[in-house]
Amino acid sequence: MKTLKTQVAIIGAGPSGLLLGQLLHKAGIDTLILERQTPDYVLGRIRAGVLEQGMVDLLRQAGVSQRMDAEGLVHGGFELALDGRRVAIDLHALTGGKSVTIYGQTEVTRDLMQARQAVGARTLYQADNVRPHDMQSDQPYLTFDYQGEPHRLDCDYIAGCDGFHGVARQSIPADKLKVFERVYPFGWLGILADTPPVHDELVYARHERGFALCSMRSATRTRYYLQVPAEENVADWSDQRFWDELKKRLPEELAERLVTGPSIEKSIAPLRSFVVEPMQYGRMFLVGDAAHIVPPTGAKGLNLAASDVSTLFNILLKVYREQRTDLLQKYSEICLRRIWKAERFSWWMTAMLHRFPDSDDFSQRIAESELAYFVDSEAGRKTIAENYVGLPYEAIE
Ligand code: APR
Ligand code: PHB
């Protein structure tokens, strides 16, 4: 058995693990990341695309913002299309000047991977059977298999940045965790295409045939989504069928302007709300998707991962620089306050904009009028805008 040593052992090289690793490295704290997949596999995943200002600032702090600052699209608003009626949500005006940045998670990951490689920080890809041990002691460690050999990694702390299906959360005794969960009876069928965006802002469309979203990655690359039943099979969706259905769900002016083209990626993602409490067990901390999932309707998943990273990083900084180990116990409660607000917003946006198969006529009218109330009132639009651009990060003390 080979034994390795680091200060903070990170499980998972997704955006959470890589961003935490980069911030800690810059602060002179040693990390080692264990990732189950290959770099190409990690970069092949097409995920979110909307960054809140807080995440943009954190990427700048980590020194990985060069390409995002050059290529990211700053959006001062988005549009709601409600059964054909177009409503502008002017984020900039409603929030006193805030905006969001359109820059794909895949690109954030690529930038973080390159930065980590450039500074020579260690990531072991294709690390198998990662298992955390002795998290309740002051000498936790991980075991794993790497290049056919068993390894042990001794560390001070473990960051479980290994996503929803990761091993970190599953290694905590079930009676120490409380799970909150809602599964929705539909998924999102997403398509990526090299076509110009149909509109210069994102469009979230509510329609009796189901929800649709027009998003983008650049001036020449688009990402569109359709609400589909949870059990839908992606093989049943030719590009033509996707474009035809999208046109039906968009307001006429947009449908007419829509430029279609061959898809370069097509996949279905289930929708789920999930939170586990607490987000820590002894010296192991859960970060990002390992602890919580939101449906993508509010564009909050990646941004919540960033706020967890910020909180854990700031606590660890004080632990290593000022021996403030008392702050460690605050990690979960600080994160959860912000997470639950984003869970609520994502659930609400999902409930307002999707068609629920079991919803009766009364519930349907109530949802329509709730949404109408929000968009017809400046206070309502402000509430939507304030949540969409991202609620403030909480200080650690
Ligand atoms: N051992 C090592 N690595 C693992 C293990 C394991 N047992 N299980 C999972 N991983 C790796 C995955 O392969 C993945 O690369 O952990 C990483 C987790 O990355 P993500 O799932 O991307 O989660 P996170 O980094 O928290 O990113 C936040 O926000 O927009 C959302 O879901 C979207 O991925 C996004 C997330
Ligand atoms: C995306 O571009 O992938 C995207 C944008 C906004 C969302 C969800 C996904 O709310």
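The values are calculated or read from the model by the stated rules, or taken from the named source; none is laboratory data. Just so it is clear, the structure is predicted and the values come from calculations on it, not from any experiment. As a convention, Cβ positions derive from the backbone with ideal geometry for all residues, glycine included, and neighbour counts pool all protein chains shown. In case anyone asks, the SASA skips ligands and DNA or RNA and just uses the protein heavy atoms, side chains included. Shrake-Rupley method; radii C 1.70, N 1.55, O 1.52, S 1.80 Å.
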With Thr109, Thr101, Thr143 as the choices, which residue is among the polar types (S, T, N, Q) and more than 16 Å from ligand 2 (Cβ to nearest atom)? Thr143
I need the helices (runs of 4 or more DSSP H) fully contained in the range 1-70, keeping only those with at least 3 residues that are in contact with a strand residue (DSSP E or B) (Cβ under 8 Å, 6 or more places away or on another chain). 15-26, 53-61
Mind listing whichever residues of the range 145-166 are assigned to a strand (DSSP E or B) and touching a helix residue (DSSP H, G or I) at 6+ places or on another chain (Cβ under 9 Å)? Tyr157, Ile158, Ala159, Gly160
Of (1) within 16 Å of ligand 2 (Cβ to nearest atom); (2) of a type outside the set (Ser, Thr, Tyr); (3) surrounded by 15 or more Cβ atoms within 10 Å (Cβ to Cβ); (4) assigned to a strand (DSSP E or B), Val74 satisfies all except one. Which? (3)
Single match in Leu24, Leu43, Leu58 (criterion: within 20 Å of the chain's Cα centre (by Cα), closer than 23 Å to Leu317 by Cβ and aliphatic (A, V, I, L, M)): Leu58
For the range 304-355, how many residues are over 18 Å from the mean Cα position of the chain (by Cα), within 30 Å of Val87 (Cα to Cα) and part of a helix (DSSP H, G or I)? 3
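Filter the range 281-291 for residues that are of a type outside the set (A, V, I, L, M) and within 9 Å of ligand 1 (Cβ to nearest atom) and give the result. Walk me through how you get there before you give the answer.
Initial filter on the range 281-291 (of a type outside the set (A, V, I, L, M)): 281-283, 285, 288-289.
Gly288, Asp289 - these are the residues of the range 281-291 that are of a type outside the set (A, V, I, L, M) and within 9 Å of ligand 1 (Cβ to nearest atom).
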Exclusive hit being over 17 Å from the mean Cα position of the chain (by Cα) and in contact (Cβ under 8 Å) with a residue 60 or more places away in the chain, set Gly282, Gly288, Gly301: Gly282
Scan the range 117-140 for residues that are open to solvent by less than 40 Å² (accessible area, probe 1.4 Å) and either assigned to a strand (DSSP E or B) or charged (D, E, K, R) (or both) and jot them down. Thr123, Leu124, Val130, Pro132
